[in-house]
1. Return yes or no: is A:SER51 touching a Pro at 6+ places or on another chain (Cβ under 7 Å), touching a residue at least 40 places away in the same chain (Cβ under 8 Å), buried (at least 17 other Cβ atoms within 10 Å of the Cβ) and more than 14 Å from chain B (Cβ to nearest Cβ)?
2. Just the residues that are of a type outside the set (A, V, I, L, M, F, W, C) and either surrounded by fewer than 17 Cβ atoms within 10 Å (Cβ to Cβ) or closer than 20 Å to B:GLY219 by Cβ (or both), please, taken from region A:174-187.
3. Tell me which residues, restricted to region A:480-491, are surrounded by fewer than 23 Cβ atoms within 10 Å (Cβ to Cβ) and in contact with a Phe, Trp or Tyr (Cβ under 9 Å, 6 or more places away or on another chain).
4. Determine which member of the set A:ARG253, A:ARG236, A:ARG286 is in contact (Cβ under 8 Å) with a residue 60 or more places away in the chain and of a type in the set (D, E, K, R).
5. Please give the number of the condition B:GLY264 fails out of (1) in contact with a Ser or Thr (Cβ under 8 Å, 6 or more places away or on another chain); (2) within 14 Å of chain A (Cβ to nearest Cβ).
6. Has region B:193-202 got at least one residue that is within 14 Å of another protein chain (Cβ to nearest Cβ) and surrounded by 21 or more Cβ atoms within 10 Å (Cβ to Cβ)?
7. Given the conditions (1) open to solvent by 70 Å² or more (accessible area, probe 1.4 Å); (2) closer than 27 Å to B:LEU244 by Cα, which single one is not true for B:ASN172?
8. Within region A:430-460, which residues are outside any helix (DSSP H, G or I) and surrounded by 18 or more Cβ atoms within 10 Å (Cβ to Cβ)?
Amino acid sequence: MLDQPPQQPLVSIENLRVEFDGESGPIAGVKDVSFTVNPGETVCVVGESGSGKSVTSLSLLRLVEFGGGRIVSGRLWFRPGEGEAIDLAQMPAEKMIDLRGDRIGMIFQEPMTALNPVFTIGRQLTDGLRRHRGLSAAEADARAIELMREVRLPEPERRLRQYPHELSGGMRQRVVIAMAMACRPQLLIADEPTTALDVTIQAEILGLIKRLKREFGMAVLFITHDMAVVAQLADRVVVMRNGEKVEEGPVERIFAEPQAEYTKALLASVPKLGEMRGKPAPEPLRIPGAPEPVATRPASVSTTGRPVLSVKGLTTRFPIKGGVLRRVVANVHAVENVSFELAHGETLALVGESGCGKSTTARSILRLVEPTSGDVVMDGQDILGLDAGGLRRARRNMQMVFQDPFASLNPFMRLRKQVAEPILNFDLARGSELDDRIAFLFDRVGLPRDFMRRFPHELSGGQRQRVAIARALSVNPKLIIADEAVSALDVSVQAQVLNLLMELQVDFGLSYLFISHDMAVVERVSHRVGVMYLGRIVEIGSRADIFEDPRHVYTRTLLAGVPIADPTQRMLKESAEFKPLPSPVFPAGHTRPAPVYDEVSPGHLVLRDD
Amino acid sequence: MVYLLNRLLSVALTLFLISIVTFGITNILPGDVAMMIMGTQSNPEALEGLRESLGLNDPLLVQYGRWMGGMLTGNWGESLLFNEPIAPLISQKVLASGLIVVMTMMMALALAIPLGVWAARHRDRWQDTTSSTTALLGLSMPDFFIGIMLILFFAAYLGWFPSSGFVDPTENFGGAVRHAFLPSLALALGLMAHLTRMTRSAMMGILNQDFIRVARAKGLPERTVVWGYALPNAIGPVMTVAGLQIGYLFGSIIVIESLFSYTGMGWLTYQALLNRDIPLIQSTIFVIAAVVMLVNLAVDLLYRVIDPRIRLG
C-alpha cells in the first residue's frame, strides 16, 4: 500500500488544497499545506486575514463545503480512538457527521452568534450527546450540568432552561466550549475563540482551554491572528500567509529565532506590553521590510496654556422605558461623572472593557449622543451649550475615526468625494485649491493618488482606514477621536496605521482621544491613559503611572489579563473562575455619589472605591 | 401581559376608528336605507315617515351610538336584501370563508416554505431560479384566471373536485373541504410568491449564521440543521408577511367566491355592495376588519412564542 499513513500523529494534513469559485475561475484558499497534530498537543495556526488558517481548520471537519469551498487535493489523516487512520478528505458526507462533534469538537469566534437564539441552552448542549451517545433526555441533562460545571458556569441547573440572550458573551463562550467538549473529543479545533472577548474574559477562557486539554488529554488546533495568544498557549506554531505555510516550529523557536521574513515582520508588528518602559513619548513600531519610521522628534506636548479639550463631570444615561405608559423605569449609567483634560499635541487613551462607557464618552463629547449633564470645553468653547448651527461649526475642530472602515465609508461614493466632502461642507477650499488639498491628504496618509477615483470596495481594510483618517484630517481639526480605530485591522496593517497616526500627530500637532480595549496598543501610542470601568474613570495618569505603577485594583486586573507575546513569560491561570460583571443599570432617580480621587503623584489620580 | 393589554387596547382603538369610517362613508353616499327599502319611485311622504320611524332623521351621533350599541350587543340589524337578521347570516358566512382562508394559508405555506428553503440552500443555482420562476408565475396571473384554469383541469377534465358550490362544514366536513379546495388553491398560488421570496431571504440570512456552523460541527444531520435549527429562526418574518396577506386575501376572496359560486363572506360582501344593502355593508366591512386585525395579533403573539428574545417587556 502506497497510501500508508504515518503512524504517530492524531492529525496529519498532507498537501491540502482548497478552492473556491471566483468570478474568473477557481481561487485557491489553501495551497499545498501540510502539518501534523500529535495527541495531547496544542498547535497554533497563526496568520492574518486571507491566510487560509480558518479554511484549513474548516476543511478538517469538512465544513468548508458549506461555505462554497472544495477540497481539491490532499489528505486529511485522522486517527479515531485506537484504530487506523482514516482520510477525512475521502469520507462520505453521511459518515462525516458521525465524527463531527464526537471525535472532533469545534468552537468559533463569535459567542454572541454561535448559539441558536430560539432554543434553550439545555437543548443545545444535549442534542449532540443524544445524537452521538444515544442518551435519554434525563441522562443528557445530567451530563449537560456536569459539562457546565467543568467550564465553570455558575448555576448550571438554571442555565438549562435559559435562552442565549440571557447570558453574557463570556458565559456564552463557555457554553460553546461545553458543547464542543460534550462527547470528549480527541481533537478540539478553536477558531479565534477569544478574539471577540474582553481581555479579562479572554484570560479566563484561554486558561479554561488549557485546563480542559490537560485534564482530558485532548489535542488542540488553535487558530488565531494574535501572536500574544500563541505565545501563551502553543506547543508548536504553524505560520500561514496567502494560503501557504510560511514556517512551522516549536513555539520557543518561532519567537526566539523566526526564520521567515514574514514571521519576523509579524512578530515586530505586535506591540508588546512592557516594551515601552522608560520611554518618555509614543514611539512608532519598527517593521522589517517596511520603510524605517520617520525619525521621531518627540511629540511636543504643551503642558502649559489652555488645554485643547476639557471635560468635567460628563454624565450620559440612557433611559429604559417600561409599563403601559412607557415611563422611564431605570437608567443605564453609561458615563458617570467623567473628567479629564487633553493638551495640545497629546494623546489621551481611554481603555476599558466592552460596556465600560469609553465609546459613549467619545460620542458624548462630539454630541453624537446628548450627555445628561457635565461640561465639555473645546478650545475655550462650551460645546454642550451650543445650538445646532454652532455645534456644526464646532465639529470642524473635532473629527472622528471609527472602528469599522467597511461601515464608515459610503459604498456608493468615490474616495475623492468622500475626502472632499468635509472641506466643501465647511467651504474651506474650492477649485484647484481643493484638488491640491485632496492630493496632499492622499499623499500624507500614504495612498496612491489614483485611488481617488476608486470606490471603497476596491480597497483593503487598512487602505480604507487611511481614507477615513484623510477625511478626518481634511478640515484641519485640533482633536481627533479615534474609537477603536485599529481594532479591526490585521496586526501588520495595524502597526502601519498606528505609525501613521503618530507621525501625523508630530507633523500637525494633533491631539488624540484614543479609545481602545488593547492595553499593548495603548502603551505604544499614548502620553496619558485613563482606565474606565462601569462608566467611571477609575485611574488616570501618565503612561508610566498606569503601566509601571498601577494602583487601582481594576487597572491591575486589566493589565494582568493581557497576554504577553513571549512564550517564556506564560501567565495563564488554569483555575480562572467565572466573574460576573456588575450591571450599569440603576433604577430611575438613583444618584451615585461624586467620585473621589486620591492624587498619588502629580497627575496620577486613583478612584477611591465607595 | 402588559404587552397583550397594550395590543388589545390598540386593536379596540383601531376598530373604533374603522367603525366611524364605515359608518361615515355609508352615510355620505347618496340614497339612504329608506330609499333602498321603498325604491326611488316611492311616495315622498311615506318615505319621510319611514325615515322618521327608522330614526334616520336623528343626529348622526345618535344614529352612530344606536348602530354601535347594536353591534356590541349582537343586534346587527336586518339585511334589506335577504330580509334576515345580519348577525346569524354573517356568522355562517364567516365560517364558510374561514375554511377557505385557513386552507389557503395552509396550502400557501406548505408550498412556499419548502420552495423557499430549497432555493436558499441552492442560492444562485438552477434550483433557485426554478423556485423564483414558479413563485412568480403564480403572482403574475390574476386569481380568477388561475381559478378558471383549475376548474378546467381539476373539475372539468379530471373531475377530482367540484367546480362550484358550498357545503356547510358543520354538516359535512369532508364535502366542505372538497368544495373549498379549488378556490383555496387558486388563492394560495397567488399568495405563494411573496411567501417564497420571504422564506428564501430569511433562510439565506440564517444559514450563514455562526450557530448553523456550530450545529453542523456538532454532527447534526443536514436535515435537522436546516429544518430543525434554521427554519424556526426564519419563520418569524414569513408569518408576519402571511398575517399581512390576510387583508389582501379578503379582497381576492370576493372574486374567487363569485367565480366558484361559493357563498362565503366574499360572495356576501359582493351581493351587499351590488344591492346597496347598507346595514349589511357596514357589518361585513366591520367583521372583515376585525378578523384581519385579530389574525395579525395572533401572528404577533405566535412570533413571541417562537422567539424568546422578544418575550420580555
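1. No; evaluated as a whole, the condition is false for this residue.
2. A:ARG184, A:PRO185, A:GLN186
3. A:ASP483, A:GLU484, A:ALA488
4. After ruling out the rest, the residue left standing is A:ARG236.
5. (2)
6. Going residue by residue through region B:193-202, those that are within 14 Å of another protein chain (Cβ to nearest Cβ) are B:202.
Checking the rest, the ones that are also surrounded by 21 or more Cβ atoms within 10 Å (Cβ to Cβ) come to B:202.
Scanning region B:193-202, I find at least one residue that is within 14 Å of another protein chain (Cβ to nearest Cβ) and surrounded by 21 or more Cβ atoms within 10 Å (Cβ to Cβ), so the answer is yes.
7. Single failed check for B:ASN172: (2).
8. The first filter runs over region A:430-460 and keeps only residues outside any helix (DSSP H, G or I), leaving A:430, A:445-448, A:454-455, A:459-460.
Result: A:VAL445, A:LEU447, A:LEU459.
The values are calculated or read from the model by the stated rules, or taken from the named source; none is laboratory data. Computed from a prediction, not measured in an experiment: that's the story for all the values here. Note that each Cβ is placed from the backbone with ideal geometry, even for glycine, and that neighbours are counted across all protein chains shown. The protein model used for the area step is the full one, side chains on, heavy atoms only, and it has no ligands, DNA or RNA in it. Shrake-Rupley method; radii C 1.70, N 1.55, O 1.52, S 1.80 Å.
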